[in-house]
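I have placed the structure first, in the form of structure tokens, so that the comments after it can refer back to it.
The values are calculated or read from the model by the stated rules, or taken from the named source; none is laboratory data. What you are looking at is a predicted structure, and each value in this text was computed from that prediction instead of being measured. Cβ placement follows ideal geometry from the backbone for every residue including glycine, while neighbour counts extend to all protein chains displayed. Note: accessible area is taken over every heavy atom of the protein model, side chains too, but ligands, DNA and RNA are not part of it. Shrake-Rupley method; radii C 1.70, N 1.55, O 1.52, S 1.80 Å.
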Amino acid sequence: MIDTPKRDFSLAPGSYLLSHSVGRPLNSAPAALEQAFFAPWQNSGREPWGQWLGVIDRFSAALAQLFQGAAKDFCPQANLSSAVTKLVMSLDRLQRPGAVVLMSEVDFPSMGFVMQKALGTDCELRFIPQHLDLTDAAVWQAYIGADVDLVFVSHAYSNSGVQAPLADIIPLIRARGALSLIDVAQSAGIMPLDLSQLQPDFMVGSSVKWLCAGPGAAYLWVHPERIDDCQPMDVGWFSHENPFEFNIHDFRYHPGAMRFWGGTPSIAPYALAAHSIDYFANIGSEVLRAHNQQLIDQVIAALGDAVVSPHAPQMRSGTVILQLGDRQTELMVALEQANISVDARKLGIRVSPHLYNDNADIEQLVHRVERCR
């Protein structure tokens, strides 16, 4: 157990267990935003772009440290939907008639909406049925046919507390000749992922959840061997090989992932995110995961079969799901009265302990659940 640095975070009274939705901000976040965003703007008579663009460099460097990748292979994005739209539309392979994309029925709906609209009109979006076990590599193997062009895989599924076995899936996708796209929105900052070892083709993620950086600072990672296959349609001057060349008659793609950047970028969300991601990257995903899993172990040990998410560590994400049947509504009311912040979805109540949670938070949760059983 980490000597929990609750003092580093802005926490209201009670127990906050909603990091799968929005992570709590660092107390140092306002000062970091002031220094990186407002100070260059307010304190100089010169334009602040030189310093502002340095924020993007720090954002990419923090991501590279977190995921064991190279900063040049990351590109800032406003959100995952935009990133996936740009990516899918950039790949000729996915725009040709008969292309097939595979994903799960339990992926975040926004990703399915994107695929439905961004794929070519004669392409097929194929789903792994929601009742199948996504922790079982054999399920994936059965659905990754020779005709599949892209497999979309969520590293973690927040509604079920399930972890996809990426180490098994990615080599299988590669062996079948398909492309892989990983969604780490629900795992970044709480589940380790080493890009240098895993070697997917593409990855998208955000900073609002476990990385505690607020909305607006998503990212797209492109394997350097795939960059030449990507010809983005949604471009702008920062997608250019030389954004400051200013020749309207000569557009040339940036040689790396930044070809996906687009027009004049936002800065403030990335200033917050660079600061927060750097904080977590310096602690290390392995340490963060161990802390989270110890608290989940505590929940499982105390509540047993009320926990309907995976009990085996290798199968679970950073979220544990509780189901009390006809006592569920009563429990949600009791938790709210006790100032314990959770939420509920179809499978049950979602509980996500993070770095700012400790044994006392879990003991309070368990006490309230046991009173409702």
Please give the solvent-accessible surface of D234 in Å², to the nearest 10, using a probe radius of 1.4 Å with every protein chain present. 90
Going by amide H atoms built from the backbone, whose H comes under 5 Å of the H on I340, apart from near neighbours? S15
Just in region 253-349: which trypsin sites (Lys or Arg not before Pro) are loop by DSSP and have at most 14 other Cβ atoms within 10 Å? K346
Above 25 Å lies some portion of the pair distances; for region 172-288, what is it as a whole percent of all C-alpha pairs? 34
Roll a 1.4 Å probe over the protein heavy atoms and report the accessible area of H131 in Å², nearest 10. 150
Output needed: percent of Cα pairs per 5 Å distance bin for region 55-138, bins running from 0 to the one holding the longest distance. 3, 13, 17, 16, 15, 19, 12, 5, 1
Semi-axes (Å, rounded, descending) of the ellipsoid equivalent to region 1-143 per its C-alpha gyration tensor are 37, 25, 14
Rg/Rg_ref, region 83-227, where Rg_ref = 2.2 N^0.38 Å and atoms are Cα: 0.98
Amide H of V162: which non-local residues (sequence gap of 5 or more, or other chain) have their own amide H closer than 5 Å, using H built in the peptide plane? Y157, S317
Computed over region 53-150: relative contact order in percent, which uses C-alpha pairs under 8 Å that are six or more apart: 26
If you project the alpha carbons of the chain onto their three principal axes, what span does each projection cover, largest first, in Å? 70, 58, 32
Quantify, in whole percent, the carbon and sulfur part of the accessible surface of region 1-63 (1.4 Å probe; protein heavy atoms only). 52
Give me the accessible area of R96, 1.4 Å probe, in Å² rounded to the nearest 10. 100
As a test of reading the structure, rank W49, W221, W261 by solvent-accessible area (1.4 Å probe, protein chains only), most first. W49, W261, W221
Calculate, for the chain, the solvent-accessible area per residue in square angstrom, rolling a 1.4 angstrom probe over the heavy atoms of the protein chains. 43
Of the GluC sites (Glu not before Pro) in region 196-247, those whose Cβ has at most 12 other Cβ within 10 Å and which sit in DSSP loop: E225, E245
Working with all protein chains in place, sort T121, T135 by solvent-accessible area computed with a 1.4 Å probe, largest first. T121, T135
Roughly to the nearest percent, how much of the accessible area of region 140-203 is carbon and sulfur, given a 1.4 Å probe? 48
Can you spot the lysines whose alpha carbon is less than 28 Å from K346's alpha carbon? Ignore those fewer than 8 places along the same chain. K117, K209
What are the semi-axes of the equivalent ellipsoid of region 213-345, taken as the square roots of 5 times the eigenvalues of the Cα gyration tensor, listed largest first and rounded to whole Å? 45, 17, 15
State the Cα centre-to-centre distance between region 137-197 and region 1-76 in whole Å. 28
Largest-first principal axis extents of the Cα set of region 276-373 (Å): 43, 27, 23
Roughly what % antiparallel, to the nearest 5, for the DSSP beta bridges in the chain? 55
Neighbour cut-off at most 13 other Cβ (10 Å), DSSP loop, trypsin sites (Lys or Arg not before Pro), region 1-46: R46
